[in-house]
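Read the structure below first, then the notes.
The values are calculated or read from the model by the stated rules, or taken from the named source; none is laboratory data. Since this is a predicted model, take the numbers as computed values, not measurements. FYI the Cβ positions are ideal-geometry reconstructions off the backbone, even for glycines, and counts take in every protein chain you see.
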Amino acid sequence: MITTLMIIIFVLGYVAIAFEHQIKVDKAASALIIGGLGWALLAVGLFDVINIETVAEKFKDFQNWYSVKNPGKDITELKFLKYELSHHLVDVAEILFFLLGAMTIVELIDAHQGFSIITDKISTNNRVKLLWILSVITFFFSAALDNLTTAIVMAALMPKIIKDKNDLWMFAGVVILSANAGGAWSPIGDVTTIMLWIGGQVSAGNIILSVFIPSVVCAVVPLIYLSFKLNGNVTRPQIDDSSKKYEIDKSERNLIFYLGVCGLLFVPIFKTLTHLPPYVGMLLSLGVLWLVSEIMHRNKNLEIKSKLSVLGVLKKIDTATIFFFLGILLAVASLQSAGQLDIVAKYLDTSFNGQSAEGIYVINIIIGLLSSIVDNVPLVAGAMGMYPIANSGFYAVDGMFWEFLAYCAGTGGSVLIIGSAAGVAVMGILKIDFIWYLKNISFLALLGYISGAITYILLQ
């Protein structure tokens, strides 16, 4: 009963998020409500939930761990719930701190007009040419950085090039597709590929070789489709004269831009060398950039410092997007702790024969589509927990199941704008309407996703 009620509330909240503009309620409020209610219901019905097979196994593991760490103390269901919540909160906090650090770096670059270094080099106004240029940049940037960071950077860059809202949203939608496709084939391009890489399911070289071509197809097919649909030129925005109230030295602009970009590029390197979560590297990069900007502007007047310092740009950060992430990730985490996502994974396995090649194709395609509704991280985590690494076959290291899972989980979230971290970030920064995305971009995302999946299957 409790788990059913949790699902109903999640669905209702999801609908409220989708129709935020129609009901005039910010999506962050709906996300926080379903996140809080999900855990509240789990607390109320925890005794019944623990009887679910998958949850019972986790509870037994917790009992064994807790008894070793705290000998002689009572092991209660409430302690298990608090443990689960704290475990998920760590994962959520990692994403939020990463997002906050990246957004701050991007805003600081923007305050110093650093993006003009790129925008000045993009001279074309032709819609088709511009679409391809931005998509290619996004695709490879996502592989080098990650799809979330790249999406944030591009969301800040595009308003400097495109004025019309519909054009801006259309290009932003394609950028989301390219960011997720670019992140799928790189071991550091997406959270799910990072999980599979660190978990030992895939190797860096193999994931690049196996998933690169399907990812290219996933990104290119929507571009080809739009190339026949779009025509004419985009309208460039007028230069904001307010920036001329203070002069930004060219050397200062260049220093902040290149230092910021290098700081973002440093994050995956830092993670590879230290094996620490990416947010640690992001915060380190932000700290260095913060120090440099403080020294750079220390002798300037208060007005200029307030606009060009980190403290100044922090006021521009879209806090609502941060809260939306917090709410939706907590809501999904409550379903995971209640065992619902594990039940879905096992249902897929038994229904479609997870021991055959055809079954693996179907299961992974469905997981990819499900990742457009719920976060792809718990879905991949569930798959990793359900299928141990085998010595040979589909589930061995670099086996077909793990390769295809990396592609599907990485690109399937593009079908809905809130199905990926990149989509949520761009949605928050550019205020893209969920329904608009559903009408104009979802078909393109599905077309690219299926095309890439077929490509992978044909290459086997």
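Results, tabulated for the structure shown:
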read-out	value
Any hit, the stretch 374-389, residues being assigned to a loop (DSSP other than H, G, I, E, B), polar (S, T, N, Q) and within 23 Å of L96 (Cβ to Cβ)	no
Flag for I118 being surrounded by 15 or more Cβ atoms within 10 Å (Cβ to Cβ), closer than 30 Å to P277 by Cβ, of a type in the set (V, I, T) and free of Cβ contacts under 8 Å to residues at least 40 places away in the same chain	yes
Pair list, Cβ < 8 Å and 6+ apart or interchain, from the stretch 95-109 residues that are free of Cβ contacts under 8 Å to residues at least 24 places away in the same chain to residues that are buried (at least 21 other Cβ atoms within 10 Å of the Cβ)	none
Number of the condition not met by T76 [criteria: (1) more than 23 Å from V344 (Cα to Cα); (2) surrounded by 14 or more Cβ atoms within 10 Å (Cβ to Cβ)]	(2)
Test: residue in the stretch 442-457 that is free of Cβ contacts under 8 Å to residues at least 40 places away in the same chain, surrounded by fewer than 21 Cβ atoms within 10 Å (Cβ to Cβ), of a type outside the set (S, T, Y) and assigned to a loop (DSSP other than H, G, I, E, B)	no
Helices (runs of 4 or more DSSP H) within the stretch 218-325 that include 1 or more residues polar (S, T, N, Q) and out of contact with any Cys (no Cβ under 9 Å at 6 or more places or on another chain)	250-274, 278-296, 302-308
Candidate set from the stretch 262-295 (those that are among the β-branched types (V, I, T) and touching a residue at least 40 places away in the same chain (Cβ under 8 Å)); member that is surrounded by the most Cβ atoms within 10 Å (Cβ to Cβ)	V267
Where a residue in the stretch 349-362 is touching a residue at least 12 places away in the same chain (Cβ under 8 Å) and its partner, wherever it lies, is in a loop (DSSP other than H, G, I, E, B), with Cβ under 6 Å and at least six apart	I360/F394
Any hit, the stretch 342-351, residues being surrounded by fewer than 20 Cβ atoms within 10 Å (Cβ to Cβ), assigned to a helix (DSSP H, G or I) and polar (S, T, N, Q)	yes
Residue check, A422 surrounded by 22 or more Cβ atoms within 10 Å (Cβ to Cβ) and modelled with pLDDT of 90 or more	no
Helices (runs of 4 or more DSSP H) (entirely within the stretch 125-202) containing at least 2 residues that are farther than 30 Å from Y387 by Cβ and touching a residue at least 12 places away in the same chain (Cβ under 8 Å)	127-144, 147-157, 165-184
Matching residues in the stretch 33-53 - criterion: being acidic (D, E) and closer than 13 Å to M1 by Cβ	D48
Filter result for K439 (surrounded by fewer than 17 Cβ atoms within 10 Å (Cβ to Cβ), modelled with pLDDT of 85 or more and either on the phi < 0 side of the Ramachandran plot or not in a loop (DSSP other than H, G, I, E, B) (or both))	yes
For G354: the one exception among (1) part of a helix (DSSP H, G or I); (2) more than 20 Å from the chain's Cα centre (by Cα); (3) at pLDDT below 80; (4) of a type in the set (G, A, S)	(1)
Residue among L341, L329, L335, L370 that is in contact with a His (Cβ under 9 Å, 6 or more places away or on another chain), of a type outside the set (D, E, K, R) and closer than 30 Å to E77 by Cβ	L329
The one condition in (1) touching a residue at least 24 places away in the same chain (Cβ under 8 Å); (2) surrounded by fewer than 19 Cβ atoms within 10 Å (Cβ to Cβ); (3) not hydrophobic (A, V, I, L, M, F, W, C) that H87 fails to fulfil	(1)
Test for S285: is it small (G, A, S), out of contact with any Lys or Arg (no Cβ under 8 Å at 6 or more places or on another chain) and over 23 Å from G428 (Cβ atoms)	no
Residue ID - modelled with the lowest pLDDT, chosen from residues in the stretch 111-124 that are assigned to a helix (DSSP H, G or I) and among the β-branched types (V, I, T)	T119
Failed item in (1) part of a loop (DSSP other than H, G, I, E, B); (2) under 17 Å from K160 (Cα atoms), with K73 passing the rest	(2)
Residues of the stretch 419-436 classified as among the β-branched types (V, I, T), in a helix (DSSP H, G or I) and within 20 Å of V153 (Cβ to Cβ), total	3
K58 being of a type in the set (K, R), in a helix (DSSP H, G or I) and surrounded by 17 or more Cβ atoms within 10 Å (Cβ to Cβ)	yes
Total residues in the stretch 357-373, condition within 22 Å of I52 (Cβ to Cβ) and assigned to a helix (DSSP H, G or I)	4
